[in-house]
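Heads up, the thing below is written out as structure tokens.
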Amino acid sequence: MTVSTKPKVAFFDFTGCEGCQLTVIDALQTHADLLSAVEIVQFREAMSERDEDYQIAFIEGSCSRTSDEARLKAIREQAQIVVALGACAHLGGVNALRNWQSSDDVRRYVYGQGGKLYDSHKALPIQAIIRVECFIPGCPIDRNEFVNALKALLQHRLPRLPDYPVCAECKLNENECLFMRGIPCLGSVTRAGCGAICPSFGACCEGCRGLVSDPNIGWLRAVAVEHGLREGGFEAASRLFLSHELMESEGDRHGKH
Amino acid sequence: MNLQVLPKGALVEWIELLSARYRVIGPKRKQEVVQQQPAGDTQQPPREQYIFGELQGAHELELSYPSTILPPKKVFLPQKEELFSFKDNGHQVDLQLDERRTVIFGIHTCDLHAVLLLDQAFSQGAADQHYMARRANTTLVSIECLEPCSENAFCKDMGTWIMPETFDLHLTDLGHEYALEIGSAKGSELLQNLTNIRTATETDYWRFNQVISAKWARFPYRLEADLSELPSLLAISYRSQVWEELGQQCLGCGTCTAVCPTCYCFDVVDEVNFDLTSGKRFRVWDSCQFGQFASVAGGHDFRNSRAARLRHRFYHKFKYQSDSFGLAGCVGCGRCAEACLVNIKPIDVINKLHRKRVAVSGKRQEVMG
């Protein structure tokens, strides 16, 4: 028997819907040659074998319980490279909607009297607990971006993500701006890389890939109001995916426009 | 001038004849995808939008289109194009050139002027093989604009509302017929086997002149500065407060550069296969409005604010390109003004800078007088 020299890869899941893992499985169907380049040693969603010897860890889901933190730290200890996979791991995801309320209240709504037994806290991106080398954004992730990121890591490079807004890709697709149809859209502050898939199908961008590094939120809010979105409507729309990022940058934003 | 006349009804036959020999591209309606919305929603239906796309027949051709979302540059410089594939760690390279014979129908004169500028940019120095291959195999059928297409266009100011010296074939709408001017051998080739075409008579020339003359009054001047003053107006406005104000407003989305018919900046990216030794190299559109555009190894960014990036775009359009090619980098098509969500419009910006200068020199004269 020959010992494989391929890099060993493991997938882990925390608080999330597992849709990003499904996208990985989907990517294996179109990019079966991926298995010639790496050995997958742990992937609960797809296989029952389980090995704790791995170099690259892909982590899906947000960290939302005190008890998750030790497991995250153990993964960090073992892996040379940790990748946050998808919006929950990258941004806290939809789960972070609850961060606007007290954790006690949230536990009571969800679990009733038994709420006290759970150790859930705010939904956090895994970067809040452990160091990550890179992330693959999106809800769910884009399969090509996943494949390209893995190739980059195999070449000992960090994946290169766009740091410009979704609008750029939306225009390449020659879409009419959704604002012109009275549909508020977060495309102009959200990181591109998705090919503007939502606006191209007539649905607004909800910001699942996170903010670009220099988002002009103040002016976008003004644009939204100008196009008929009520005051506060922008906040409501942006909380779906950007709760954690917005809360983090709250202090900075007050000084800005 | 050799003027030919073609009845409008003959377009169907013409496009059919051309389609047998060429890939025929022209302005056509864009179909937007509309999501089902809950009752009571205040959404508006999509507006009529036009794009340059491959024509399945004359019925798709919309020659009276106002403007298209993207300019025809996308035919010569696709949003993402394969440059070559490589094997054996790059020791074997297989060049990919697109030499499909193509006709682009219905290009407005502003866009034609823009293509001539792209030609300069891609042919100077080491000519760009990929661009040149597409360009050499493409024939342009331009059409005279008889009305301004939008309140954002300022083609009369930029001198692009009329034909450039170089063209292939140019149409002018005479009502029931088109007048055809032949500008090149490539253009004349398109008329092969066309049965309904005839040489213009004295009366046709008279009508043609009438139509062209009537244009003058219909197109307004919108810039308060003269075209020849623009490079120097910018040269003395580098530290103007205007750029800071616009930088606050700008979303940095790069829409303006995508829709610009003369913006050609690109990035080059490799996509490797899982063997990590073979793959493909692509060229993709880039934008000077993006934060990563002017950053270099070591992390320094030469234009690290939206204000600096926006100023650079205006300088490139109205000064740098005039300096290097003797052609204004802006053709006044108005697409960027139309597409900008925060209403940054070149006419307003130039007029604002100009008014500031006029105000300053007025004050100075008072002092000196």
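The values are calculated or read from the model by the stated rules, or taken from the named source; none is laboratory data. Quantities reported herein were computed from a predicted structural model and do not represent experimental measurements. Every residue, glycine among them, receives a Cβ derived from its backbone with ideal geometry; neighbour counts consider all protein chains shown.
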Being more than 27 Å from A:His121 (Cβ to Cβ), β-branched (Val, Ile, Thr), in the same structural domain as A:Ile129 (by TED's automatic domain parsing) and without any contact (Cβ under 8 Å) to a residue 60 or more places away in the chain is the requirement here; does A:Ile25 meet it?
yes
Could you please let me know if A:Val132 is in a loop (DSSP other than H, G, I, E, B), under 28 Å from A:Asp26 (Cα atoms) and in the same structural domain as A:Ser62 (by TED's automatic domain parsing)?
yes
Can you tell me which residue is nearest to B:Thr257 (Cα to Cα) among those in the stretch B:270-303 that are among the β-branched types (Val, Ile, Thr) and at the interface with another protein chain (Cβ under 10 Å from one of its Cβ atoms)?
B:Val284
Members of the stretch A:24-66 found to be out of contact with any strand residue (DSSP E or B) (no Cβ under 6 Å at 6 or more places or on another chain) and under 30 Å from A:Tyr118 (Cα atoms), listed by number:
A:Arg44, A:Glu45, A:Ala46, A:Met47, A:Ser48, A:Glu49, A:Glu52, A:Thr66
Going residue by residue through the stretch A:234-252, is there one that turns out to be surrounded by fewer than 18 Cβ atoms within 10 Å (Cβ to Cβ), within 8 Å of chain B (Cβ to nearest Cβ) and touching a residue at least 12 places away in the same chain (Cβ under 8 Å)?
no
Within the stretch B:78-102, of all residues that are part of a loop (DSSP other than H, G, I, E, B) and out of contact with any Leu (no Cβ under 7 Å at 6 or more places or on another chain), the one nearest to the other protein chains (Cβ to nearest Cβ) is B:Pro78
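Taking the condition among the hydroxyl-bearing types (Ser, Thr, Tyr), out of contact with any helix residue (DSSP H, G or I) (no Cβ under 7 Å at 6 or more places or on another chain) and either over 19 Å from A:Leu242 (Cα atoms) or surrounded by fewer than 16 Cβ atoms within 10 Å (Cβ to Cβ) (or both), does A:Ser67 pass?
Here the answer is yes, as A:Ser67 does meet what is asked.
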Could you please give the count of residues in the stretch B:273-304 that are assigned to a loop (DSSP other than H, G, I, E, B) and either of a type in the set (S, T, N, Q) or in contact (Cβ under 8 Å) with a residue 12 or more places away in the chain (or both)?
14
If you go through the stretch A:23-33 one residue at a time, do you hit one that is more than 26 Å from A:Leu91 (Cβ to Cβ) and either touching a Pro at 6+ places or on another chain (Cβ under 9 Å) or charged (D, E, K, R) (or both)?
yes
Within the group A:Ser200, A:Ser188, which residue is of a type in the set (S, T, N, Q), in contact (Cβ under 8 Å) with a residue 24 or more places away in the chain and touching a Ser or Thr at 6+ places or on another chain (Cβ under 9 Å)?
A:Ser188
With (1) small (Gly, Ala, Ser); (2) touching a Lys or Arg at 6+ places or on another chain (Cβ under 8 Å); (3) surrounded by 23 or more Cβ atoms within 10 Å (Cβ to Cβ) as the list, and B:Ser287 as the residue in question, which single condition is left unmet?
(2)
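Could you please let me know if B:Asp267 is in contact (Cβ under 8 Å) with a residue 12 or more places away in the chain, surrounded by fewer than 20 Cβ atoms within 10 Å (Cβ to Cβ) and within 13 Å of another protein chain (Cβ to nearest Cβ)?
yes
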Report, by residue number, each residue of the stretch B:305-327 that is touching a helix residue (DSSP H, G or I) at 6+ places or on another chain (Cβ under 6 Å) and in a helix (DSSP H, G or I).
B:Arg306, B:Ala307, B:Leu310, B:Arg311, B:Tyr315, B:Phe318, B:Lys319, B:Ser322, B:Phe325
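Quick grid of which residues meet (1) over 22 Å from A:Leu72 (Cβ atoms); (2) in contact with an Asp or Glu (Cβ under 7 Å, 6 or more places away or on another chain):
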residue	(1), (2)
A:Lys6	yes, yes
A:Asp13	no, yes
A:Gly16	no, yes
A:Cys20	no, yes
A:Thr23	no, no
A:Asp26	yes, no
A:Ser36	yes, no
A:Ile40	no, no
Exactly one of B:Cys336, B:Cys330 is assigned to a helix (DSSP H, G or I), closer than 24 Å to B:His108 by Cα, at pLDDT 95 or above and of a type outside the set (A, V, I, L, M), and that one is B:Cys336
Contacts under 7 angstrom Cβ, first residue in the stretch B:89-114 being over 26 Å from B:Ala153 (Cβ atoms), partner small (Gly, Ala, Ser) and at pLDDT 95 or above, 6 or more apart:
B:Asp94/B:Ser85; B:Gln96/B:Ser85; B:Leu97/B:Ala133; B:Asp98/B:Ala133; B:Glu99/B:Ala133
From the list B:Glu32, B:Glu16, exactly one residue is among the charged types (D, E, K, R) and either assigned to a helix (DSSP H, G or I) or modelled with pLDDT of 95 or more (or both). Which is it?
B:Glu16
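Does the stretch B:232-239 contain at least one residue that is more than 14 Å from every other protein chain (Cβ to nearest Cβ), closer than 30 Å to B:Phe293 by Cα, small (Gly, Ala, Ser) and buried (at least 17 other Cβ atoms within 10 Å of the Cβ)?
yes
Okay, residues lined up against (1) within 9 Å of chain B (Cβ to nearest Cβ); (2) touching a helix residue (DSSP H, G or I) at 6+ places or on another chain (Cβ under 8 Å); (3) over 22 Å from A:Ala96 (Cβ atoms); (4) surrounded by 18 or more Cβ atoms within 10 Å (Cβ to Cβ):
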| site | (1), (2), (3), (4) |
| --- | --- |
| A:Gln155 | yes, no, yes, no |
| A:Arg160 | yes, yes, yes, no |
| A:Glu176 | yes, no, yes, yes |
| A:Arg230 | no, no, yes, no |
